Amino acid sequence: MTWLTAEEALERLGTKPQTLYANVSRGRIRAKPDAADSRRSLYHSEDVARLAKRHAGRRKAEAIAAETIDWGEPVLPTAISTIADGRLYYRGREAVGLSERATFEQVAALLWESPAAICPPIELSTGEPSRISGAFVLLARRAAADLPALGRAPAALKSEAGQVLATVVAALAPSPTLDLPLHERLAQSWDRPEAAEPIRRALVLAAEHELNVSAFAARVTASSGASLAAATLSGLSTLTGPRHGGAWQGAVRLMDLSREIGAREAIRTMLATEGVVRAFGHKLYPDGDPRAAAIMHSFEMPTRYAEIAALGAELLGEPANIDFALAAMAGHFDLPDDAPLVIFALSRTAGWLAHAIEQVTSGTMIRPRARYVGPSPEAL
């Protein structure tokens, strides 16, 4: 039987003395007085080795888990969408190909695995100053009143998903003609019927994007058993962040700045002040965002936007992304300032609902552990 000094045990464990003493008091490490010095103790080497191995495995698992949170390895199983070889797929079907002819309603039905995305036309008034704030109000009302999603059959959830989507449509695409396809309804609400076709394509291509931050937020909420409206509200809240659905504003700022100081200096200034030009590049598409290319090919790019797109790709080494494409579309058709966010929010609602349904039916709750980095807890 081999015994170790405290210094030797601590070196192998990689912990503090308090932790060593706590493990002794809990019977995890055997100890005995040191015959050479009664004020010191010796610690059983096999017990120390066993705990050291366990701690090493835990540290490795913690490191892997931490890396997956920030653009790391996949952490949740899903059959909804994937990105492979630079292409986006909805349940195995390429999104860009779908955007050639599919409507948003057809894509929602595909994502929900439903015969049709039943979106009963409804008309609701919120009195809110913006469409996005109206969506928050209507979803909050539903979230407080709707049944929890947990324990309900998939068919019931898909039916309710259509009602939640209709609620979002009522806020984001108010129209006197309620039975129009959503892309036509949006174009009509902005008095831009000529924009209907590019809007349709954008709605299809922005509907779902794997485990992005808003989809993850929706899944976390759904995993608690909360209603589909509550999960959608979580997704919408997350979408409004400047690093997600609000990234299109970077493209608008870039355009405004380019009018003042020129395109090249505008890009240089944004790099110097913000450290990034959010309108270009995407970590999941190293060769360029195919969604952006498909959207921008559906209308004639404004000259200044085309100049910025070409110069940005040259200087930054990355093509324009979907945030730039939505801003360019809004600029070309003279849509309202918040049009990119409205299109993004309406479109992505289909994806959030798909994730919420999948998460609820999986029966699991998302509850990761935190890696504590604060002051050392007092030894027991």
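The values are calculated or read from the model by the stated rules, or taken from the named source; none is laboratory data. Only a predicted model underlies this, so the values are computations on that prediction, with no experimental measurement involved. For neighbour counting, all protein chains shown are included, and Cβ atoms are generated from backbone atoms with ideal geometry for every residue, glycine included. What goes into the accessible areas is simple: the full protein's heavy atoms, side chains included, and nothing from ligands, DNA or RNA. Shrake-Rupley method; radii C 1.70, N 1.55, O 1.52, S 1.80 Å.
Structure values in brief
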{"item": "Degrees between helix 213-223 axis and first principal axis of the chain (Cα, 0 to 90, nearest 10)", "result": "70"}
{"item": "Length added when fully stretched, ARG369-LEU316, from 0.36 nm per residue minus Cα-Cα", "result": "15.3 nm"}
{"item": "Kirkwood Rh (inverse of mean 1/r, distinct Cα pairs), region 162-290, angstrom", "result": "17.2"}
{"item": "Size of the chain as Cα extents on the principal axes (Å, biggest first)", "result": "92, 54, 39"}
{"item": "For region 204-247, alpha-carbon Rg over 2.2 N^0.38 Å", "result": "1.12"}
{"item": "GNM flexibility winner over the chain from LEU271, LEU138, LEU165 (Cα, springs under 10 Å)", "result": "LEU271"}
{"item": "Viscosity 1.002 mPa s, 20 °C: Kirkwood-radius Stokes-Einstein D of region 231-279 over Cα pairs, µm²/s", "result": "184"}
{"item": "q = 0.19, 0.22, 0.24, 0.26 Å⁻¹: log10 I(q)/I(0) that the Debye formula gives for region 126-200, counting C-alpha atoms only", "result": "-0.85, -0.99, -1.07, -1.15"}
{"item": "Dipole of region 178-320 [Lys/Arg +1, Asp/Glu -1 at C-beta], most positive-end residue of LEU316, ALA293, SER189", "result": "LEU316"}
{"item": "Fluctuation leader among GLU260, GLU307, GLU94 - the chain, Gaussian network, Cα springs under 10 angstrom", "result": "GLU260"}
{"item": "Cα-based helix-to-principal-axis angle, 248-261 vs the chain, degrees rounded to 10", "result": "70"}
{"item": "Potential lengthening between ARG93 and SER130 on full extension [0.36 nm per residue; Cα-Cα distance subtracted]", "result": "9.8 nm"}
{"item": "Label-to-label distance, nm, for residues given as GLU100 and ARG54 (7 Å Cα→Cβ offset)", "result": "5.9"}
{"item": "Expected 222 nm ellipticity per residue - DSSP helices of 4 or more, -39500 (n - 2.57), all of the chain, to 500", "result": "-17500 deg cm²/dmol"}
{"item": "Relative contact order for the chain, counting Cα pairs under 8 Å that sit 6 or more residues apart, in percent", "result": "19"}
{"item": "Gaussian network model of the chain, springs between alpha carbon atoms under 10 Å - residue of ALA84, ALA320, ALA161 with greatest fluctuation", "result": "ALA84"}
{"item": "Accessible surface of region 231-380, 1.4 Å probe, proportion on carbon and sulfur as whole %", "result": "52"}
{"item": "Degrees, to the nearest 10: 263-274 long Cα axis against longest axis of the chain", "result": "30"}
{"item": "Probe 1.4 Å, accessible area per residue of region 269-339, Å²", "result": "45"}
{"item": "Region 196-345 - percent relative contact order, Cα under 8 Å, separation 6 or more", "result": "27"}
{"item": "Under the Debye formula (equal points on every Cα, no solvent term), log10 I(q)/I(0) of region 315-357 at q = 0.14, 0.18, 0.21 Å⁻¹", "result": "-0.44, -0.63, -0.74"}
{"item": "Relative contact order %, region 133-229, counting alpha carbon pairs below 8 Å whose residues are six or more apart", "result": "41"}
